[in-house]
1. In terms of solvent-accessible area of protein heavy atoms at a 1.4 angstrom probe, what is the ranking of Ile440, Ile248, highest value first?
2. For Arg230 and Phe136, compute 0.36 nm times the residue count separating them, minus their Cα-Cα distance, and round to one decimal in nm.
3. First select every other residue whose beta carbon is under 11 angstrom from the beta carbon of Asp34; then total the charges, Lys and Arg +1, Asp and Glu -1.
4. With a 1.4 Å probe and all protein chains kept in place, how do Phe381, Phe272 rank by accessible area, largest first?
5. Counting helices only, and only those DSSP H runs with n ≥ 4, report the 222 nm mean residue ellipticity of the chain as the sum of -39,500 (n - 2.57) divided by its residues, in deg cm²/dmol to the nearest 500.
6. Given 0.36 nm per residue, what is the gain on full extension from Ala510 to Glu50 after removing their alpha carbon distance, in nm?
7. Please list, short to long, the whole-number percent of alpha-carbon pairs of the chain in consecutive 20 angstrom bins beginning at zero.
8. Of all DSSP beta bridges in the chain, what percent run antiparallel (nearest 5)?
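The values are calculated or read from the model by the stated rules, or taken from the named source; none is laboratory data. Since the model is a prediction, treat every value here as computed from it, not as a measurement. Positions of Cβ are generated from backbone atoms using ideal geometry, with glycine treated the same way; all protein chains shown enter the neighbour counts. The accessibility values were calculated without ligands, DNA or RNA, using every heavy atom of the protein model including side chains. Shrake-Rupley method; radii C 1.70, N 1.55, O 1.52, S 1.80 Å.
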Amino acid sequence: MREVKKRDGRIVSFDENRIREAINRASAEVGVVDEPLVEKIVEKVKSLAEKRSLDVEQIQDAVERELMKSPRKDVAKAYIAYRHQRNLAREAKTKDILMSVINAEKNEVTLENSNMDAGTISGILQKIASETSRTFADNYLISEESLAAIKGNYLYIHDKDYLPTRSLTCLQHPIERIFENGYPAGGIRPVKHLRSAFEIMSLSLNVLQSEHHGGQSLPAWDKVLQKYVRIAYEEEFEKASNLYGFDINLTVRDREIVDYEKKDLSGIQDPFERIRQHSINATVDQVYSACDSFVHDLNSLRSRAGGQPTFSSINLGTGISAEARILTRSLLRVILKGVGDGETALFPIVIYKLKKGISYGPGARNQDLYELACKCAARRFFPNFLNLDSSFNYDEDWREDDPQNYLHEVATMGCRTRVYENRLGPKTSVGRGNLSFSTINLPKLAIEVAIETGYLVDQTPEGDSRTYIFDENKNTPEHIKERVDLFKEKLSLMTHITAKQLDDRYHFQAQAKAGQFPMLTGAGMWNGSENLKPDDKIEAFINQGTLGIGFIGLAECLIALTSKHHGESDESQRIGLEIITQMRDDSNKYAELYQHNYSILATPAEGLSGKFTKVDRKTFGEINGVTDKMYYTNSNHVPVGYETSIRHKAEVEGPYHQLTLGGHIHYVELDSGPIK
């Protein structure tokens, strides 16, 4: 079979009619018809294609040569002009995109990443590189099957611009490794003081952001910092003793501190007790100041060539020592206060871990911190809350008296990404992350099924925009079952394509050298990267990470299949759970087949929801309840505009969480802040 390589790298069957059409178009420009010449040239090109595989440019070159040899030089001239115009049109599309970046226009290209100011010099440079990189990925790195799914609006590859760099998505920092061992290649010595620990945290998050294309998170911020609070207290005790003219009283200094709370010194008569409380007061001030500077740094420093702040997250809440508690209390107070003129800090995104009897609940040591976290969330939207006691987050190896129990606690990114289960190594969040993820457009598949089965009927008036309406006579239980069964077949195929695309990207990423990630591997920040040499391949450790198969628009998908979304129909809820369960089961099957940590992700991309919808509306028109809004509903959420109770929304969305272990979130929208 004769094959042709297209400009985007796809291999397609040779189509001689394309040659006829092109020559006839050029002939029409000069007002001639020469069928014998057309057929002669077609046969000549066919004979060339029989001998070897040709690409589009080679075919067009051959047509041009044959026309120039013929008596019809006028047709040849028209063909050459048409070919040149087509090349200009292709280049113009790229030019238009790049000029919109250069001119700092506000459009879906420049606004794609809400964390990056594409109007700054560094932002413009990065966006130009980004758009060029996407084209390279399409032309050389993505399979024909995946590319067809992308162009068909079925699939979206996240961070495709970073695909050629082989970078990874995100990381839960084992920051204690740098604290304890330093990072000699970066001139960082082991940490001995609280202020140094905070400075190294900021540095680590910022530098490693540049070695990843996603976020950076600290999985147990309060617990890994707590010993440095104690060191700060002892340093303050020594300074206070010298100030008061006493030797250090170790008995007083080392007495247990129940809580670091500031108190007035005027009522304390015992000099050693005054020194102790003076030291506690100074430590409280030092911790608060360090937290304040830390938050300021994360909102002002720029990573990735200065294009955007570090997308940083902090997990805390289960540290119950006095030192861990003052850290959590201070950070929450800083977040509550705001930055600048009182604006809400974008970063770090704080995640408060809920563990009954520890971080919340009657008699819990940190119940007061939980209440402060709730107050902070009501005013500042953060922290998010992570339930460690849920069936899928619970770890039977967690022990309260284990100083490293955080290794058995789930930690998440602020964007909701969850990394914990591990079929290829220890189950933990620490020192692991996501490698890449891609998202499936569920409504597109459902719309096609509805059209194929006659549920959506084309009622487009002649010459008017596309119009589809639902035929409610075809909405019986039997019809719905037919549609759902066909949808599941299509979804299974798309899940297969997505899993293979992620596997392809994984194998490309795995060929990167450790030296391309100097701090990540030099400081051993990914589990298994500790002993790699600069020229070693990162395939030695990256399979500890996860590959995410995401989805958008379950609500609109269900409307296209059943006429109702899962928030308004128990039957639609049952079908919705069947759909996502199938995705979970398929991902487990591919995890076994390809030996990766696949997981289903409730995709958090609001911008993507709009992109999918925009294309589908152009294809199918405004379908009531499906494409009639500017965006599809994120992942498995109940539509934002649907009026319901907080409890009902939780009851509907909650069951999906055990199926979406790559990450999920539940939220409610209120008319006003829940503030007294």
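1. Ile248, Ile440
2. 28.6 nm is the gain from fully extending Arg230 to Phe136.
3. Residues close to Asp34 contribute a combined charge of -1.
4. The most accessible residue leads, giving Phe381, Phe272.
5. -15500 deg cm²/dmol
6. That works out to 161.8 nm of additional length.
7. Reading upward from the zero bin: 16, 43, 29, 10, 2, 0.
8. DSSP beta bridges in the chain are roughly 35 percent antiparallel.
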